[in-house]
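Participant: Shown below is the structure under consideration.
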Amino acid sequence: MSDTILVEIVGLKYSSCSPFPCDENRTCGLSACYPSGKLAPAFDALKSRIQETYGDRVEMKLTLIDEKVPDHIRGILEKDYPPIPLVLVNGKLTRIGRIVADRILNEIEACL
């Protein structure tokens, strides 16, 4: 069995989960957070989905940067200027830029 995979979602406390509208089309693949369109409820919905699928093989972490930016996040922001929310898998920045279940699950699968 491989080591635990860490999925870290980074954003602002009251930021959106995506640059796209939160509507009935559910292009993100999540429904528990609808219609909030906010990061924290989307993280909770994603965490539930990932725990259902992978159990304890995947650790989920929400890092809010409203008041303090951790050094590892600061380095990424200064180097790459990625969109928020950031999606990191095992510390590696993905180019997802939003909470979307299937793309994040694909990143996890690539690490297994």
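The values are calculated or read from the model by the stated rules, or taken from the named source; none is laboratory data. Because the structure is a prediction, the values reported are computed rather than measured. Heads up, the Cβs are rebuilt from the backbone with ideal geometry, glycines too, and the neighbour counts pull from every protein chain shown.
Participant: Going through the stretch 36-60 one residue at a time, which ones are within 14 Å of Glu8 (Cα to Cα) and of a type in the set (Asp, Glu)?
Facilitator: Selection gives Asp44, Glu59.
Participant: With the structure loaded, tell me whether Ala32 is without any contact (Cβ under 8 Å) to a residue 24 or more places away in the chain and of a type in the set (Gly, Ala, Ser) or whether it fails that test. Show your work before the answer.
Facilitator: Numbers: without any contact (Cβ under 8 Å) to a residue 24 or more places away in the chain: yes; of a type in the set (Gly, Ala, Ser): yes.
Spelling it out, Ala32 is indeed without any contact (Cβ under 8 Å) to a residue 24 or more places away in the chain and of a type in the set (Gly, Ala, Ser).
Participant: Suppose we filter the stretch 17-48 for residues that are assigned to a helix (DSSP H, G or I) and either more than 12 Å from the chain's Cα centre (by Cα) or over 12 Å from Val100 (Cα atoms) (or both); how many remain? Show your work before the answer.
Facilitator: Start the filter on the stretch 17-48 by keeping residues that are assigned to a helix (DSSP H, G or I), which leaves 39-48.
Retained after the next criterion (residues that are either more than 12 Å from the chain's Cα centre (by Cα) or over 12 Å from Val100 (Cα atoms) (or both)): 40-41, 44, 48.
Qualifying residue count, the stretch 17-48: 4.
Participant: Moving on to the next point. Does the stretch 86-101 include one or more residues that are assigned to a helix (DSSP H, G or I) and touching a residue at least 24 places away in the same chain (Cβ under 8 Å)? Before the answer, list the steps.
Facilitator: Residues of the stretch 86-101 assigned to a helix (DSSP H, G or I): 101.
Pick out the ones that are also touching a residue at least 24 places away in the same chain (Cβ under 8 Å) and you get 101.
Yes, there is a match, as at least one residue in the stretch 86-101 is assigned to a helix (DSSP H, G or I) and touching a residue at least 24 places away in the same chain (Cβ under 8 Å).
Participant: Failed condition for Tyr14, given (1) of a type outside the set (Lys, Arg); (2) part of a loop (DSSP other than H, G, I, E, B); (3) touching an Asp or Glu at 6+ places or on another chain (Cβ under 9 Å); (4) surrounded by 13 or more Cβ atoms within 10 Å (Cβ to Cβ), with all others met?
Facilitator: Checking Tyr14 against (1) of a type outside the set (Lys, Arg); (2) part of a loop (DSSP other than H, G, I, E, B); (3) touching an Asp or Glu at 6+ places or on another chain (Cβ under 9 Å); (4) surrounded by 13 or more Cβ atoms within 10 Å (Cβ to Cβ), the one that fails is (4).
Participant: Could you please find all residues in the stretch 62-72 being part of a loop (DSSP other than H, G, I, E, B) and touching a residue at least 40 places away in the same chain (Cβ under 8 Å)?
Facilitator: First, the residues of the stretch 62-72 that are part of a loop (DSSP other than H, G, I, E, B): 65-70.
Listed by number, the residues that qualify are Ile65, Asp66.
Participant: With the checklist (1) modelled with pLDDT of 95 or more; (2) under 10 Å from the mean Cα position of the chain (by Cα); (3) part of a loop (DSSP other than H, G, I, E, B) in hand, flag the one item Val7 doesn't pass.
Facilitator: (3)
Participant: Does the stretch 17-28 hold any residues that are touching a residue at least 60 places away in the same chain (Cβ under 8 Å), surrounded by 11 or more Cβ atoms within 10 Å (Cβ to Cβ) and either touching a Pro at 6+ places or on another chain (Cβ under 9 Å) or under 24 Å from Tyr81 (Cα atoms) (or both), and which are they? Walk me through how you get there before you give the answer.
Facilitator: Start the filter on the stretch 17-28 by keeping residues that are touching a residue at least 60 places away in the same chain (Cβ under 8 Å), which leaves 17-20, 27-28.
Keeping just the survivors that are surrounded by 11 or more Cβ atoms within 10 Å (Cβ to Cβ) gives 17-18, 20, 27-28.
Matches in the stretch 17-28: Cys17, Ser18, Phe20, Cys28.
Participant: Something else: Quick one: is Thr53 surrounded by 12 or more Cβ atoms within 10 Å (Cβ to Cβ), outside any strand (DSSP E or B) and of a type in the set (S, T, N, Q)? It would help to see each step written out before you state the result.
Facilitator: Values: surrounded by 12 or more Cβ atoms within 10 Å (Cβ to Cβ): yes; outside any strand (DSSP E or B): yes; of a type in the set (S, T, N, Q): yes.
So Thr53 passes the test.
Participant: If only one of Leu105, Leu62, Leu112, Leu86 is of a type outside the set (Val, Ile, Thr), under 11 Å from the mean Cα position of the chain (by Cα) and within 15 Å of Thr4 (Cα to Cα), which one is it?
Facilitator: Details: Leu62 fails: within 15 Å of Thr4 (Cα to Cα); Leu112 fails: under 11 Å from the mean Cα position of the chain (by Cα); Leu86 fails: within 15 Å of Thr4 (Cα to Cα).
Every option except Leu105 fails the conditions.
Participant: Let me ask something additional. In a helix (DSSP H, G or I) and either under 15 Å from Glu107 (Cβ atoms) or among the small types (Gly, Ala, Ser) (or both): is that true of Gly75 in this structure? I'd like the intermediate steps shown before the answer.
Facilitator: Working: in a helix (DSSP H, G or I): yes; either under 15 Å from Glu107 (Cβ atoms) or among the small types (Gly, Ala, Ser) (or both): yes.
Spelling it out, Gly75 is indeed in a helix (DSSP H, G or I) and either under 15 Å from Glu107 (Cβ atoms) or among the small types (Gly, Ala, Ser) (or both).
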